[in-house]
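Take a look at the structure below.
The values are calculated or read from the model by the stated rules, or taken from the named source; none is laboratory data. None of these values were measured; they are calculated from a predicted model. Glycine gets a Cβ as well: all are built from the backbone with ideal geometry, and neighbour counts include every protein chain shown. All accessible areas refer to the heavy atoms of the entire protein, side chains included, with ligands and DNA or RNA removed. Shrake-Rupley method; radii C 1.70, N 1.55, O 1.52, S 1.80 Å.
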Amino acid sequence: MPYPFWETDLGYGPLMAAIAVLHVFVSHFAIGGGLYLVVAERGARRRADLPRLAFLERLSRFFALLTLVLGALTGVAIWFVIGLLSPDGTEALIRTFVWGWAIEWTFFVVEVLAALLYYYGWRRLSPGRHMAIGWVYFAAAWLSLVVINGIVTFMLTPGAWLETGAFWDGFFNPTYWPSLVLRTGICILLGGTFAVYVAGGIPERDTRLSTVRGAGLWGLTGLLVSVVGFWMYLRVDVLSQESFREVADRLVLPGLATEYMLVATALLGAGLLITAVLLPRIQRRPVGLLLLLFALMGMGSFETYREAVRKPYVIHGYMYGNGQRKDRVEAGGEESLLERIAYRTGDDGRDLFNYSCRSCHQLEGYRAIKPFFDGTDAAYISGALAGVHVMRAPMPPFAGNAEERAVLGAWIAERVDTRPLHEIHPGVEGIELGRLVYSARCASCHAIGGYGDVRETFEDFEAEDIAEVLADNEMSEEMPRFSGDETERDALIEYILSWYEEDAPEEAPR
Amino acid sequence: MIVLALPDYDALPAPLWLLTVLHVLTLSLHFAAMGCLFGGLLTLFGARLPGGLEHPCAKRLVTLFPSLMAATVTLGVAPLLFAQLVYGRVLYSAAIVSGWFWLGIPIMAMLAYACLYAAAFTKQGVGRVRLWLLLALAGLVYVSLTYSSVFSLAERPDAQKTYYEGDASGLVWHPDVTAWIMRWLHMLGGTLTIGGFFFGVLGRRDEAARHKGQFFFLVGTGAAFLTGMVYLFTLGDLLKPFMKSAGIYSLTFGIVAALIAVPLYLKQRLWLSGLSLGLGLLGMVHARHVVRDLRLEGHLDPAAMTVDPQWGLFALFAVCLLVALAAVAWMLRLFFRADAAGA
């Protein structure tokens, strides 16, 4: 690990999401809005519609300010942030795709200049030349997407690149085309939605109604293209493979994000149809703002889904979120992780926690691990680390050796509540205590009615048989032995036996 | 267990010389745009033109600032990309050690950008314009100081490790002030040179503006020269190897070109003076590049990196760059040749 680890209490996920979602939202608008502007200008000039032209000039000012200040600089900010949060992943992407990025930069230069000249050229350039610059803007902006889409989709589905290492295999990966169609649709949709918002403030009634209706239809066209892109996404073979489906099934987030995405998209579509196309007279800035919020919610949910199903990787099948390469971890065996860390803090446990866990988990706070380990002990934690990669939540294997696992286990144990659960929760006993013990020591890998369900295994077991299983130190390399006290063990057995009682509840702790 | 061998990303995708040329060239362009913006702001505040910010030259400059900021940001992307490619290991490490300050760069740049737009568009009088410009200037000062701190730290991997051991929270500002202060002051001098030059070019038909531009151009050149000399002598053990490297030729070339620019500028030979100044900047940027390599000796040797050229992709980049340059030239031509009342 050649890089230091940034120890911030701010969760890496929220920090990245805040900047990335804002950037993709504005940058998609930057593309679709450019197309909307130039097409609408063409129509308005043909009809010599001066009020509409005045609106478009105002929109282009809003457009230039938003896309250049917020869009361009949040794009730069993403570079700054990924370098801090995932330097290994950034290095891999830059080394692999540097010419892709360099090509995208050439489009970016044209895009920025064209956006400025388009805005400043309304009263200076002839209509034909002004629109020509508008078309150049749109072409450059969309070509930026064409390039960056290859790199973004590579992270989710690197495809044949994993075998060949060839640029084009990684670039034209399995989700490249669906994503391009989907994102192009989103660009058009956002361009229309922003135009609806700005047009809602036009004072002159007839111009407002016709402009809002036109922009609404524009947005709905984008929505239609997005749906086609989404359908193409669903047909990509690689996404139905076990590794993705398993992650989607094992985690709550992808399902939640999908629901949010569908709800937000439906609300946006219905909102555009009703408030812009059918009843444009009710379209005012607050309504437009609400539509923009739906769009932001839909965009954020889509990006969240994409990030979530990629877990535990930063580049799927290649590099884990903590910067460890998959092949090197698998080949590592009993290799020391600490020896590979170039920047040390002087505390082995802390370094091991940083480079193994902290990219995704804080001790307390964001995705805290403390609640999971409260009521356990060092032996259990270091044992659990051996099987961290088979837990319900997808995580990379621990990349150090057994001794380091013990060091990390002890380090975490010093920072969680290691008292037995009946001391942490005085008065709780019997099946209820057993439920807590199960939740702390078993449920990460054995959810009732879900991932790793063990109810069938214990179906014909008596209390003594379960006690024997719990006492067995070598059930599996990936499963920690039971290290709770006798009270906890008895309660756990009582709880397991309660599954087979007639009035046993269907749902149990996750 | 059979472990699938996955592709490596250790190799550079082009020979080092080509990456160095691209880095030096694009960084020089970035510095030129930044000099017009940052130096232009400094000159504007220092010039005290008759009428202050109501002076036509000042007004024109204020409306140009957002575009200059756009150019600075856009032209800053490419050199950062090429620097990351070769020096990513030390650069990211320094950035992480100073994480919060590094993260502040795009945020402050964004605020500065917004302030420049506010100054250009406000109709609330000169006082408000001055306020927005001062805020933008503060943002740019932060960005420049942070870059100097982080990039000087990037050249000192041993120091990074020591500081990181003491504080891993990303709140380390390079504590060795001597390592970056002269470097920053030298950059500031260079910025003022370009800003003064640009100011004088904009106000070439106005005597007061022209003289102010010339004044700040000369002050900047003198300051850059003096601070550059002091910076050179703070190199310590590196001074000797630097004197034997290609860097000394670049530096000498840079100084001579910058000095030639002075009389040409005073004689209003603006194109020739600008060309000479640009060449001087190119020489300085290359000298800076050589100093970095010398300082990193024993830690990172770019020349020892394996190279696996992707010539097809480079050719595609070259074609795109040429098309982009042609598009830029065409659009600028359309814009500047258009009759202001054309539409």
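The charge dipole of the stretch A:50-167, taken about its Cα centre with unit charges on the Cβ of Lys, Arg, Asp and Glu (plus for the first two, minus for the last two), comes to roughly 780 debye. Accessible surface area normalised per residue over chain B is 44 Å², counting heavy atoms of protein chains with a 1.4 Å rolling probe. Paramagnetic label reach from A:V428 (point 7 Å along Cα→Cβ; backbone nitrogen cut-off under 19 Å): within the stretch A:367-393, residues A:368-378, A:380-381. Accessible area per residue for the stretch A:291-385 is 35 Å², calculated with a 1.4 Å probe on protein heavy atoms, without ligands, DNA or RNA. Once backbone amide H atoms are built at 1.01 Å from N, A:Y313 has A:G321 as its partners under 5 Å, excluding neighbours fewer than 5 places away on the same chain. Extension gain for A:D206-A:L262 works out to 16.8 nm (0.36 nm per residue, less the C-alpha to C-alpha distance). A Cβ-based charge dipole, computed about the Cα centre of the stretch A:416-497 with Lys and Arg at +1 and Asp and Glu at -1, lands at about 440 debye. Residue separation of A:D249 and A:I274 scaled by 0.36 nm, minus their Cα-Cα distance, works out to 5.4 nm of gained length. Among the trypsin sites (Lys or Arg not before Pro) within the stretch B:244-305, those in coil by DSSP and having at most 10 neighbouring Cβ atoms inside 10 Å are B:K244, B:K267. Estimated from helices alone, the mean residue ellipticity of chain B at 222 nm is -26500 deg cm²/dmol (sum of -39500 (n - 2.57) over DSSP H runs with n ≥ 4, per residue). Working note: Debye formula, equal point scatterers on the alpha-carbon atoms of the protein assembly as shown, no solvent; log10 I(q)/I(0) at q = 0.05, 0.06 Å⁻¹ is -0.33, -0.47.
Once the Cα-Cα distance is subtracted from the 0.36 nm per residue extended length, the A:A471 to A:R281 segment shows a gain of 61.1 nm. On the basis of the beta-carbon distance and an R0 of 22 Å, B:S169 and A:Y366 show a calculated FRET efficiency of 0.90. Could you look at the protein assembly as shown and say what percent of its accessible area is carbon and sulfur, using a 1.4 Å probe and all protein chains? Answer for the protein assembly as shown: carbon and sulfur cover 63 percent of the accessible area. How far is helix B:270-295 tilted off the main Cα axis of chain B, in degrees rounded to 10, range 0 to 90? Between helix and principal axis, roughly 20 degrees.
Which one of A:L363, A:G383, A:V407 has its Cα pushed farthest toward the positive end of the charge dipole of the stretch A:335-413, where Lys and Arg give +1 and Asp and Glu give -1 at the Cβ? Value computed over the given set: A:L363. Surface analysis of the stretch A:421-498 yields an accessible area of 55 Å² per residue, using protein heavy atoms and a 1.4 Å probe.
Based on alpha carbons, the Rg and Dmax found for the stretch A:421-498 are 12.0, 35 Å. Counting only heavy atoms of the protein chains and using a 1.4 Å probe, B:H55 has close to 10 Å² of accessible surface. In chain B, Cα pairs under 8 Å separated by at least six residues give a relative contact order of 23 percent.
Placing a pseudo-label 7 Å from each Cα along the Cα-to-Cβ vector at A:R61 and B:L218 gives an inter-label distance of 4.2 nm.
The residues B:W180, B:W100, B:W311, sorted by heavy-atom accessible surface at 1.4 Å with ligands and nucleic acids left out, run B:W311, B:W100, B:W180 from largest to smallest.
Accessible-area loss of 20 Å² or more (1.4 Å probe, protein heavy atoms, chain alone versus all protein chains) is found in the stretch B:155-182 for B:K161, B:Y164, B:E165, B:A168, B:S169. Each residue of the stretch A:373-379 was assigned a 3J(HN,Hα) from its phi angle through the Karplus expression (A = 6.51, B = -1.76, C = 1.60, θ = phi - 60°), giving 9, 4, x, 10, 8, 4, 5 Hz with x at Gly and Pro. Here the protein assembly as shown is treated with +1 on each Lys and Arg Cβ and -1 on each Asp and Glu Cβ, and its dipole about the Cα centre works out to around 8260 debye. Give me the distance between the Cα centres of the stretch A:391-459 and the stretch B:12-33, rounded to whole Å. So the separation of the two Cα centres works out to 53 Å. Site pair B:E207 and A:V228 shows an inter-label distance of 6.7 nm when each label is modelled 7 Å from Cα along Cα→Cβ. Summing charges over neighbours of A:G400, with a neighbour being any other residue whose Cβ is under 13 Å away from its Cβ, gives -4 when K and R count +1 and D and E count -1. For A:T265, the solvent-accessible surface with a 1.4 Å probe is about 50 Å², rounded to the nearest 10. Using a cut-off of 11 Å between beta-carbons, work out the net charge of the residues near A:R415 (Lys and Arg +1, Asp and Glu -1, A:R415 not included). Neighbour charge sum, excluding A:R415 itself: -2.
Computed with a 1.4 angstrom probe on protein heavy atoms, the A-B interface buries about 7300 square angstrom of accessible area in total.
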